[in-house]
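Derivation of every value follows stated rules applied to the coordinates shown; laboratory data play no part. Predicted model, so just to flag it, every value in this text is computed and none were measured. We place every Cβ from the backbone using ideal geometry, glycine too, and count neighbours over all the protein chains shown.
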Amino acid sequence: MSSPTTPTCSIDRDVLNENTVGQMDDLGLQFFAKLCGANRGAFVLNPPDGKTYGCLAFPKSFSTNAGISNAIPDSANLTQTFAKGDITASAIVEIVDQYVSAVYGSSSGLDVDPYGCDVNGLATLSNCESATDTAKSLRPDGDIVKAVTLAGAFVPHTWATNGKVLSMDEVKDFYPSKDFRQMADLGVNTVQIPVPCDTFYKNGEVANTVSYLLYKADKAGLSAILVLVAPDTEEEGITDEMVDEHVKSAAAFASDSSTVIALQLPSQRASLLSAVRSEDEKLPVLVPTKVGQLNNLSFPPDSYLFAALDVTSTTSVAGVASSDSEGDRMKMFYHESITCIDRSPIEWLQCYRDMPVYVTGGFDLAIDNCIDQDEKGFKDYGQCDRFDETIDSGWWQRHRLSLASRQLFAYSKGLGWTFSAWKLYGEGTDGVKIGVLNDPAKLLCLRDVAAAGLLPPLSSTSNSSAVGAACLNGPLTDFAMGDDTFAPTPAPHDCGEGWWNPATLECDYWIPPPPAPTPTDYPTLLKGAACGVVVALVLTWVVKKMTGGNEGYQTLP
């Protein structure tokens with residue numbers, strides 16, 4: 001009997017290679033700022049060579065294996081040599097790859113750490129075993145799922161339906177055949193349809209309307225994923241056994257449909273999977289989860305069982321709160337910064353839990369909860385007061401495109417994704433051109449986002465190098481006011497990466513710049529690297545606080 005393999009973490013060569021490494025602005029910030037703090041900064045070789053290494057002491061084998069005669073002694077020297085162009089592109093990639101692998105191999109608890117291979121989206125897990133030979137695609141053609149959710153059709157999402165719950169006749173009018181053709185023309189290949197859990201048990205008007213939309217989707221060449229939404233069992237007096245029967249009926253419907261490729265359960269309760277399997281042993285089933293719940297997923301081996309991951313990042317104070325224009329921009333910087341690392345839990349779950357991941361929620365351009373500002377219980381932190389400032393702003397255009405590109409890259413690392421909505425009910429009848437993002441809800445609508453030029457070509461998801469370029473560098477730290485929306489503030493001299501503060505009459509900086517290093521000034525160079533370490537570690541700490549169950553933050557209702 002062969003011994004189990006050990007997963008490894010290495011550079012994603014489709015993204016970072018000798019042809020792309022030159023596009024990186026800051027090698028130290030992307031790699032060493034994150035990894036130099038791992039394992040108290042220490043790593044070892046396998047097999048051991050009697051020494052312990054770290055950012056300040058690289059093994060000579062790193063250079064030898066990269067074909068370099070003059071050994072690179074440490075990360076600071078490597079960063080400086082790279083910046084001066086005194087090392088070949090292939091050598092720099094080889095050294096960084098060995099470093100990433102060594103740090104990961106020196107780490108513990110990797111089987112319970114979804115972020116163990118997190119290097120800002122530039123590393124990937126490999127050497128993973130599967131006990132079930134689980135399929136790596138939900139679609140018959142083997143492509144990743146590129147879906148859009150029919151928000152507000154059968155489950156109330158009043159932000160998408162002009163504040164009301166639609167009748168079935170209105171649903172049919174809301175999604176005409178031309179919409180499905182437009183989805184296909186955009187590169188979408190699937191629709192995600194949330195439905196009440198008892199839809200196919202009752203088999204009434206809602207079920208008939210679902211079938212009607214599935215027919216339209218099929219005619220446009222689209223597949224479908226049905227998402228079962230659980231009822232309020234306490235309020236409606238519904239037992240778990242009743243829900244099991246509802247799911248069983250949904251499984252029978254999905255099994256008989258040539259358009260439906262997967263069924264998403266309303267919860268992780270094991271009896272729900274049993275209900276599906278009593279109808280169809282091979283129907284792909286999606287189990288809903290969030291990043292903070294990944295270690296709790298536990299099911300018997302099943303080759304057709306997958307995870308449905310909700311990556312929504314606008315459910316905590318950290319994710320939504322801001323009360324001035326600069327704060328809004330810093331919040332966008334935050335959301336851009338945390339997106340590329342989302343590939344880590346997606347790949348971890350497939351590698352360590354044998355459950356490929358489909359992103360079922362959270363893919364959109366919203367960085368607040370302003371779609372709920374008219375709802376009872378909405379908490380106003382000032383986050384919605386300046387949306388008009390973003391409408392014609394080149395700054396917001398650039399950073400929204402950056403956010404979309406990073407999301408598309410990270411969420412394409414699993415089975416695929418769905419965008420939060422297609423369009424708003426009644427949109428186009430108000431005289432506003434499609435693609436004009438004059439409403440917070442439009443940031444969740446794929447049709448508007450694409451028309452505004454903020455969506456990279458969906459065909460690029462099959463080219464890791466093309467979409468991965470979005471994560472080669474961190475987001476621009478240009479959130480100091482001064483663009484087409486706000487005139488630059490007069491300053492007596494150039495503040496470089498900072499901005500002039502008229503109150504203090506001096507330059508302010510997000511991270512104070514270190515003194516410029518001389519070629520031999522290693523202490524100063526290391527101080528500069530330390531600033532980068534602080535930036536990355538703070539960002540990592542923040543994202544783990546938020547995605548790990550929002551630990552330490554108030555969760556919004």
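Segment 271-341: D in µm²/s via Stokes-Einstein (Kirkwood Rh, Cα pairs, 37 °C, 0.692 mPa s)? Write out the running numbers ahead of the final one.
Working: Rh = 15.2 Å.
Answer, rounded: 216 µm²/s.
Show the residues, 5+ positions off or on another chain, whose built amide H is closer than 5 Å to the amide H of Ala421.
Thr149, Leu446
Under a 5 Å amide H to amide H cut-off, with H placed in plane at 1.01 Å, what residues pair with Ile72 once short-range neighbours are removed?
Result for Ile72 returns Ser63.
Quick one: length gained pulling Asn46 to Ile391 fully straight, 0.36 nm per residue minus the C-alpha distance? Please list the in-between numbers first.
On the way: separation 345, 0.36 × 345 = 124.20 nm, distance 5.40 nm.
That works out to 118.8 nm of additional length.
Taking segment 202-301, how much of its Cα-Cα pair set, in percent, is spaced more than 19 angstrom apart? Write down the numbers at each step before the final one.
Working: 2319 of 4950 pairs.
Beyond 19 Å sits 47 percent of the P(r) for segment 202-301.
Which order, highest average first, do 435-446, 36-47, 356-367, 391-402 follow once you tally other Cβ atoms within 10 Å for each residue and take the mean per peptide?
356-367, 435-446, 391-402, 36-47
Just how far, in whole angstrom, is segment 104-165 from segment 256-322 if you go by their alpha carbon centroids?
Answer, in whole Å: 10.
In whole Å, what are the extents of segment 207-261 along the principal axes defined by its C-alpha atoms, from largest to smallest?
Principal-axis extents of segment 207-261 (Cα, largest first): 40, 18, 16 Å.
Once the convex hull of the C-alpha atoms of segment 301-364 is built, how many Å³ does it hold per residue, rounded to a whole number?
Working: hull volume 5.3 nm³, N = 64.
Dividing the Cα hull volume of segment 301-364 by its residue count gives 83 Å³.
Can you give the Rg to Rh ratio for segment 9-83, taking only C-alpha atoms and Rh from Kirkwood?
Details: Rg = 12.9 Å, Rh = 13.6 Å.
Expressed as Rg/Rh, it is 0.95.
Name the aspartates and glutamates eligible as straight-distance cross-link partners of Lys34: C-alpha to C-alpha under 13 Å, and not fewer than 8 places from it in the same chain.
Asp26, Asp118
Listed here are the pairs Lys164/Lys376; Lys248/Lys282; Lys172/Lys442; Lys282/Lys413; Lys136/Lys290; which of them are more than 18 Å apart at the Cα?
Values: Lys164/Lys376 15 Å; Lys248/Lys282 14 Å; Lys172/Lys442 21 Å; Lys282/Lys413 23 Å; Lys136/Lys290 20 Å.
Going by Cα-Cα distance, Lys172/Lys442; Lys282/Lys413; Lys136/Lys290 fall outside the 18 Å limit.
Between segment 411-429 and segment 1-72, what is the separation of their alpha carbon centroids in Å?
For segment 411-429 versus segment 1-72, the Cα centre distance is 38 Å.
Determine the gain in length on full extension of the stretch Gln268-Glu281; use 0.36 nm per residue of separation and subtract their C-alpha separation, reporting nm with one decimal.
Working: separation 13, 0.36 × 13 = 4.68 nm, distance 1.77 nm.
Roughly 2.9 nm would be gained on extension.
Amide H to amide H under 5 Å from Gly416: which residues, 5+ apart in sequence or cross-chain, H placed 1.01 Å off N in plane?
Residues meeting the amide H criterion: Val145, Val359.
Quote the FRET efficiency, to the nearest 0.05, computed for Ala57 versus Thr6 with a Förster distance R0 of 35 Å and r equal to the Cβ-Cβ distance.
Values: r = 25 Å, r/R0 = 0.72.
With a Förster radius of 35 Å, E is 0.90.
For Ala71 and Asp14, what is the calculated FRET efficiency with R₀ set at 22 Å and r taken between the beta-carbons, to the nearest 0.05?
Working: r = 29 Å, r/R0 = 1.31.
Efficiency at R0 = 22 Å is approximately 0.15.
If you project the alpha carbons of segment 18-154 onto their three principal axes, what span does each projection cover, largest first, in Å?
For segment 18-154, the Cα extents along the three principal axes come out at 63, 33, 27 Å.
Could you give the length gained on full extension between Glu205 and Ala184, defined as 0.36 nm per residue of separation minus the Cα-Cα distance, in nm? Walk me through the intermediate numbers first.
Numbers: separation 21, 0.36 × 21 = 7.56 nm, distance 2.68 nm.
Result for the pair: 4.9 nm of gain on full extension.
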